[in-house]
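FYI, it's all coordinate maths here, none of it is from the lab. Just so it is clear, the structure is predicted and the values come from calculations on it, not from any experiment. Glycine gets a Cβ as well: all are built from the backbone with ideal geometry, and neighbour counts include every protein chain shown.
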Amino acid sequence: MSSITDSLKQVQQQIVQTAMQCDRNPADVQLLAVSKTKPATAVIEAADAGQRAFGENYEQEGVEKIRTIRRLRPDLRLEWHFIGPVQSNKTRPIAENFDWVHAVDRERIAKRLSDQRPEGKPPINICLQVNISGEASKSGVAPEDVLALAKAVSVYPNVKLRGLMAVPEPETDPVKQHEPFKAMKTLFNQLQENGFDVDTLSMGMSADMAPAVQEGATIVRIGTAIFGARDYPNR
Ligand SMILES: *Cc1c(COP(=O)(O)O)cnc(C)c1O
């Protein structure tokens, strides 16, 4: 067995174990394999091991990879999630090629994705990114503005609001790792209480997957633990 296949199985097992330990249904936690900076062959290997949903951060790299994989393996039916920050001049290729966008943090992005979604495709699924750790430099809507943004994006017909996403500040203390995830779950519950039909809480990465699942994540975004360390972390 190859190492990607091995790692994928290990991560899946960790998700199942963590979910069962906190009385959650493992089927309610979806694994998003984050393939940024990794080649199309790595995605194909994971897909052949049963993985269906993949996450990309950079519009150009992601679109190229999607096209390459469609050409090499037209038999694969993959689901593509754009998880990086969205610049408004990059929305068109994202609307055309991706099924999900996780980091919508302003109305303008939702409007453009809706306007640019090709006819005949279902509405693109979106999550609102929340700046849950309150860092000045990070993107994301402030927690107190989530409800207003949810209302604002809901008017656009070709986007479907699915829930919330966060990338908390790195924290090594396992107890403190829970705090932002707990706060996200509270915001998510508030959306539901206000009548929004949301089902997705996208949170948890390789270093903090377990606490995220324990606090209610429905999608965990895992790169390093599946594909290994990235050659270049950022561009
Ligand atoms: C890169 C990235 C991930 C995956 O991170 P790992 O630590 O490699 O698991 C998840 N979410 C976002 C938004 C990312 O940019």
Discussion item. Taking the conditions exactly as written (on the phi > 0 side of the Ramachandran plot and either touching a strand residue (DSSP E or B) at 6+ places or on another chain (Cβ under 9 Å) or not basic (Lys, Arg) (or both)), does Asp23 satisfy them or not?
Written reply: yes
Item to complete: Quick one: in the stretch 183-232, of everything that is more than 19 Å from Ala148 (Cβ to Cβ) and aromatic (Phe, Trp, Tyr), which residue is farthest from the ligand (Cβ to nearest atom)?
Response: Tyr232
Practice prompt. Would you mind listing the helices (runs of 4 or more DSSP H) fully within the stretch 78-183 where at least 2 residues are crowded, with 18+ Cβ neighbours inside 10 Å and of a type outside the set (A, V, I, L, M, F, W, C)?
Written response: 91-97, 107-116
Discussion item. Among the residues of the stretch 216-235, are any within 15 Å of Ile132 (Cα to Cα), of a type outside the set (S, T, N, Q) and out of contact with any strand residue (DSSP E or B) (no Cβ under 6 Å at 6 or more places or on another chain)?
Written reply: no
Worksheet item: Does Glu56 satisfy the criteria of being surrounded by 14 or more Cβ atoms within 10 Å (Cβ to Cβ), under 15 Å from Met205 (Cα atoms) and touching a helix residue (DSSP H, G or I) at 6+ places or on another chain (Cβ under 8 Å)?
Response: yes
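Residues are listed down the side, and each one gets a yes or a no for (1) without any contact (Cβ under 8 Å) to a residue 40 or more places away in the chain; (2) more than 14 Å from the ligand (Cβ to nearest atom); (3) closer than 19 Å to Val220 by Cα:
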| position | (1), (2), (3) |
| --- | --- |
| Ala49 | no, yes, yes |
| Lys65 | yes, yes, no |
| Phe82 | yes, no, yes |
| Asn89 | yes, yes, no |
| Arg92 | yes, yes, no |
| Asn97 | yes, yes, no |
| Trp100 | no, no, yes |
Worksheet item: Counting only residues that are more than 20 Å from Cys127 (Cβ to Cβ) and of a type in the set (Asp, Glu), how many does the stretch 47-103 have?
Response: 4
Item to complete: Go through the stretch 16-30 residue by residue and tally those that are in contact (Cβ under 8 Å) with a residue 40 or more places away in the chain, in contact with a helix residue (DSSP H, G or I) (Cβ under 6 Å, 6 or more places away or on another chain) and not in a loop (DSSP other than H, G, I, E, B).
Response: 2
Discussion item. With the structure loaded, tell me whether Gln177 is more than 16 Å from the ligand (Cβ to nearest atom) and touching a helix residue (DSSP H, G or I) at 6+ places or on another chain (Cβ under 9 Å) or whether it fails that test.
Written reply: no
